[in-house]
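Accompanying notes for the structure given below.
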Amino acid sequence: MASRLTLRRGRFGTVGLVVAGFAVFGVVGTDYNTGLLTTAFVYAIAAVSLDLVWGYVGAPDLGHALWFGIGALSVGAMTTVTDKTGLVIDVHDSSWRYVVGIILGMIVSAALAGIVGRFSFSARGSAFYIAVVTLALTTVATTLYSQFPKITGGDNGLFGFGPANVTPRTWYYVALAALTLVVIGAVVLVRSDLGLLLKAVRDNETRTRYLGYDVERIKTVTFMGGAAIAAFAGGLMAVIYGLVSSDLFSFVFATQMLVWVAVGGRGTIIGPVIGAIVLQLVGAHLSAQFPTQWNLVEGVLFVLVVVFVPDGVLPFVTRQIGRLATSLHTRRGDMASREPQGVGGRRITPDPAGAPQRPTTSPVIAVSDLHFGYGSLQVLRGVDLQVNRGELLCIVGPNGAGKSTLVSVLADGNMRIDGEIRYELGSHTSHRRRPPHRIARYGVSRKFQSPQLFESLSAAETILLARLGGKLPSFWRRSEVVPVSPAVVDVLDATGLHGRDNERGTTLAHGLKQGLEIAAAVASRPQVLLLDEPTAGLTLNERAVIGKVLRRLVGNGMTVILIEHDLDFVNQIADRVVVLHGGRIIQDGTPDEVSSSQVVREAYLGTVS
Amino acid sequence: MTLLLDVLTSIGILTIVVLGLAIVLGVLDVINLAHTGFMGIGVYAAVVAHEHGWPFWLGVVVAAIAAAVAGLVVEVLVIRRLYDRPLETILATWGISLIIVQLITLAFGHNNRAVGQPLATATSVFGTPYSTYRLVLVIIAAVLVVGLALLIRFTRVGLTVRMIQANQDLARGLGIRVSFLRASTFVVGCALAGFAGALLGPTQAINPNYAVSLVATAFLAVLLAGRHLSGLVLGCVILGAVQVLFARWANPVYSSAVVVGVAVVLLRIFPEGLTWRRA
């Protein structure tokens, strides 16, 4: 822990040093170079805003220049007077107009981004979609720009405004200060608990949804935030240079932003900042001599990075340095440094306050005459099932019987069914169909058949998100400890996950992944736990332990619905067994009744049709 | 009548443009944002052919070949490495499109060029005189669509392609040369782009940013299409019709904005695209 804390202080220390360095450069640098840097700082803000959208929630915004342009235009339109053809004839000199212009631009951008996001982010739609829509918006924006000369200045743009009596050096410091604030804000955000949620959305939308989070809303809000920050950068640009034209909205500029972020390293905040500043400086020097060739170089660089170092140059370099450092250590025989490197630095601790729920005997889910099919394939053909509170119900049946589909339909109200599913979950007593994240929040937690974990999240972080169960995490606070109920500790101990808090979920062995999935499901403190083959790929021993854990959960009043193939295991732990075959329930009773049933035996051997 | 023909020819043009895009998306799961770049390669190949005094239709063939060769190079150098990272193909093809535009600018400059005016006559359709060339475009579009439908439905090529779509590992296990077929698909898509680029040459201004005005509509149409040829035609019909009708009755400048709006709303309602049957 201690090392982690020092590391954090060290990182902000580095930022402080760099900022101080730039501040000194503002005194000693030439006018030309400080001028270039002023622009580069503003561009870097735009790069950070794109990184939040693209690097963190995974929405490739190909038209990010649009938001920048709106911010700039807002300032220009607020401060100039144009004649009918769009020529600037007068400039307002009250400085509040610049402030209002920037704020207005941020609001308009965020609002428009909200509409775009609302329409573009959809659980069923293509991941390409947002890219195409933003691209399309860019073409529309550049077309419309020339159509409203009264506001935009048309083809000439707006020019000649900007506060009087401010020296370029002052602007240099203003831009530097703005960039520093934005970077610190962004770093705090992505290192906070909310930052975890953003990464979770990027890594695995479906899983995030079933933890109770409204993925579309998170993406839309982040998109709005990114648009607002880009608009802020655009507004700042306009204030400094007193110039707005349709170029600020264009493909070319939007692509440049993509290049900064991709080359610098998306999902790192600092990488895109470095990318923007370095490429802007290099570009300014080279494009003076070779204007066309420079764009070509940028294009080639972009493609090379996307193909060969998809996570960007900065992470690549850090990785290489890390590898070099480790190899040096090993040569010195320092074996301790070869421990697998953890991520996140969060610790799981028991929280004895996790009170057990009261066991009752009322139904929690009642299914009546449920039909469901994929296209012409009818999977569920009239299922009637009542699940009682506090029981451990096993669903068995041959492959293709519809077990997983039944569980999916219970957890995902977006699947269109015939028949009725009634939930009696206290806060949600209704048969209305709800999207997965709502059902998860009402207290139905689902574990998928194959483990679905988050690429960049540690075990502790996964459990932290599960535990919040759809409540929005803090956007600035960073939890160092993750308190969990004794039940979760049970699962972690049983599956051998204890002490592996900081390992990435996706690098764990299969059995541990299953364990983490179950632990996450339990950590969300559900009323009903849906487990699709939780013991697949586990040893007999691990299975027995999981069985015990499940019994204990049920003892505390939780309802568990379990899909399972191993009938011996079922006999040991189930209160009740339901046999599904050909989309119907053919047997429903105690484990003894079911295992002695002739019908069931025939179903498994294939004589019942 | 002219309005009806305008709608029809716009739909035809859009279909020709979108077809190559749809093939690449449908089979490879790649949105080829460099599609307009390959159209640019096509049209400039036709420009060169025209400036050498070759007949227009030969220029069209040259255009398709030039775009196909460029497509092959791009596939081997870039796309091949990205099939298992579909989101990054978007970025890579976007970068490639940037490169192509810059190369064309370097080679040909910013000035407008021409490919000649073939069939510069008018044909009377039910008493309304209309540009013969634009009518021919509609026929070409129809032939392409029907040909593709027959290819998918009735030949081995169609079957193999559907196998790759469904499960590439299994297809490879069954002895199908997956990487060869993927490359071929991409090349065919690019050839169609070049072909489309040259065909539209007489109707558009030819400069390095060739076909950029079509880009938004084309990509939205292909998303609207979903994974089915019927959806493709339907998508083109809707967007083409909206564009022309709005331009006629309201304002041509806003029509591109309206097309985007219509497509976005439709995609909200049918996120998987427009297909006749529900998947």
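The values are calculated or read from the model by the stated rules, or taken from the named source; none is laboratory data. The model shown is predicted, which means the values in this text are computed figures rather than measured ones. All Cβ positions, even for glycine, are placed from backbone atoms using ideal geometry, and neighbour counts span all protein chains on display. To get the accessible areas, we keep the full protein, side chains included, count just its heavy atoms, and leave off ligands, DNA and RNA. Shrake-Rupley method; radii C 1.70, N 1.55, O 1.52, S 1.80 Å.
Observations on the structure shown:
- Check on B:G71, surrounded by 19 or more Cβ atoms within 10 Å (Cβ to Cβ) and either of a type in the set (D, E, K, R) or at the interface with another protein chain (Cβ under 9 Å from one of its Cβ atoms) (or both): no
- Scanning segment A:547-565 for residues that are open to solvent by less than 60 Å² (accessible area, probe 1.4 Å) and either touching a strand residue (DSSP E or B) at 6+ places or on another chain (Cβ under 9 Å) or not assigned by TED's automatic domain parsing to the domain that holds A:S445 (or both) yields A:L550, A:L553, A:V554, A:M558, A:T559, A:V560, A:I561, A:L562, A:I563, A:E564.
- Count of segment B:193-216 residues which are within 8 Å of another protein chain (Cβ to nearest Cβ), out of contact with any Phe, Trp or Tyr (no Cβ under 8 Å at 6 or more places or on another chain) and in contact (Cβ under 8 Å) with a residue 60 or more places away in the chain: 1
- Hits in segment B:230-247 - residues which are open to solvent by 20 Å² or more (accessible area, probe 1.4 Å) and closer than 14 Å to B:V17 by Cα: B:V233, B:V237
- Where a residue in segment A:13-35 is of a type in the set (A, V, I, L, M, F, W, C) and its partner, wherever it lies, is modelled with pLDDT of 80 or more, with Cβ under 6 Å and at least six apart: A:V19/A:T180; A:F22/A:L176
- Members of segment A:305-315 that are in a helix (DSSP H, G or I) and surrounded by 16 or more Cβ atoms within 10 Å (Cβ to Cβ): A:V305, A:V306, A:V307, A:V313, A:L314, A:P315
- Comparison of B:V61, B:V78 shows that the only residue that is surrounded by 15 or more Cβ atoms within 10 Å (Cβ to Cβ) and within 7 Å of chain A (Cβ to nearest Cβ) is B:V78.
- For A:F302, the conditions (1) away from chain B (no Cβ under 14 Å); (2) open to solvent by less than 30 Å² (accessible area, probe 1.4 Å) all hold with the exception of (1).
- Subset of segment A:132-152 [within 20 Å of A:F121 (Cβ to Cβ) and polar (S, T, N, Q)]: A:T134, A:T138
- If only residues of segment B:101-153 that are surrounded by fewer than 13 Cβ atoms within 10 Å (Cβ to Cβ) and modelled with pLDDT of 80 or more are counted, the one that is nearest to the other protein chains (Cβ to nearest Cβ) is B:A107.
- Looking across segment B:38-48, the residues that are more than 11 Å from the chain's Cα centre (by Cα) and open to solvent by less than 10 Å² (accessible area, probe 1.4 Å) come down to B:G40, B:G42, B:V43, B:Y44, B:A46, B:V47.
- Among (1) outside any helix (DSSP H, G or I); (2) under 26 Å from A:F119 (Cα atoms); (3) open to solvent by 40 Å² or more (accessible area, probe 1.4 Å), the one test that A:Y213 misses: (3)
- Where A:G225 falls short, out of the listed (1) under 26 Å from the mean Cα position of the chain (by Cα); (2) assigned to a helix (DSSP H, G or I); (3) small (G, A, S); (4) crowded, with 24+ Cβ neighbours inside 10 Å: (4)
- Pairs with Cβ under 8 Å, 6+ apart, first in segment A:95-122 and under 17 Å from A:T138 (Cβ atoms) and within 14 Å of chain B (Cβ to nearest Cβ), second aliphatic (A, V, I, L, M) and exposed (fewer than 15 other Cβ atoms within 10 Å of the Cβ): A:F119/B:V265
- Across segment A:162-187, the number of residues qualifying as in a helix (DSSP H, G or I) and buried (at least 16 other Cβ atoms within 10 Å of the Cβ) comes to 13.
- Residues (outside any helix (DSSP H, G or I) and either hydroxyl-bearing (S, T, Y) or within 22 Å of B:S230 (Cα to Cα) (or both)) located in segment B:124-143: B:S124, B:T128, B:Y130, B:S131
- Here the condition is being of a type in the set (S, T, N, Q) and within 18 Å of A:I70 (Cα to Cα); of A:N165, A:N204, A:N156, it holds for A:N156 alone.
- If you go through segment A:124-148 and keep only what is of a type outside the set (S, T, N, Q), open to solvent by 20 Å² or more (accessible area, probe 1.4 Å) and at the interface with another protein chain (Cβ under 8 Å from one of its Cβ atoms), you end up with A:R124, A:G125, A:A127, A:L137, A:L144.
- Flag not set for A:G426, criterion: touching a helix residue (DSSP H, G or I) at 6+ places or on another chain (Cβ under 9 Å), open to solvent by less than 30 Å² (accessible area, probe 1.4 Å), outside the structural domain of A:R191 (by TED's automatic domain parsing) and part of a loop (DSSP other than H, G, I, E, B).
- Scan of segment A:258-298 for residues that are open to solvent by less than 30 Å² (accessible area, probe 1.4 Å), under 18 Å from A:L37 (Cβ atoms) and free of Cβ contacts under 8 Å to residues at least 40 places away in the same chain, ordered by number: A:L279, A:G283
- Of the criteria (1) under 25 Å from A:S192 (Cα atoms); (2) open to solvent by 10 Å² or more (accessible area, probe 1.4 Å); (3) in contact (Cβ under 8 Å) with a residue 40 or more places away in the chain, which one A:A494 fails: (1)
- Residue within segment A:66-73 that is open to solvent by less than 20 Å² (accessible area, probe 1.4 Å), under 29 Å from A:N204 (Cβ atoms) and in a helix (DSSP H, G or I) present: yes
- Checked against (1) at pLDDT below 80; (2) open to solvent by 20 Å² or more (accessible area, probe 1.4 Å); (3) not in a strand (DSSP E or B), A:P483 passes all but condition (3).
- Every residue from segment A:444-462 that is of a type outside the set (D, E, K, R), part of a strand (DSSP E or B) and under 23 Å from A:T349 (Cα atoms): A:S445, A:S458
- In segment B:83-100, residue farthest from the other protein chains (Cβ to nearest Cβ) [restricted to those that are farther than 20 Å from A:L296 by Cβ and without any contact (Cβ under 8 Å) to a residue 24 or more places away in the chain]: B:D84
- B:A263 open to solvent by less than 10 Å² (accessible area, probe 1.4 Å), within 13 Å of chain A (Cβ to nearest Cβ) and assigned to a helix (DSSP H, G or I): yes
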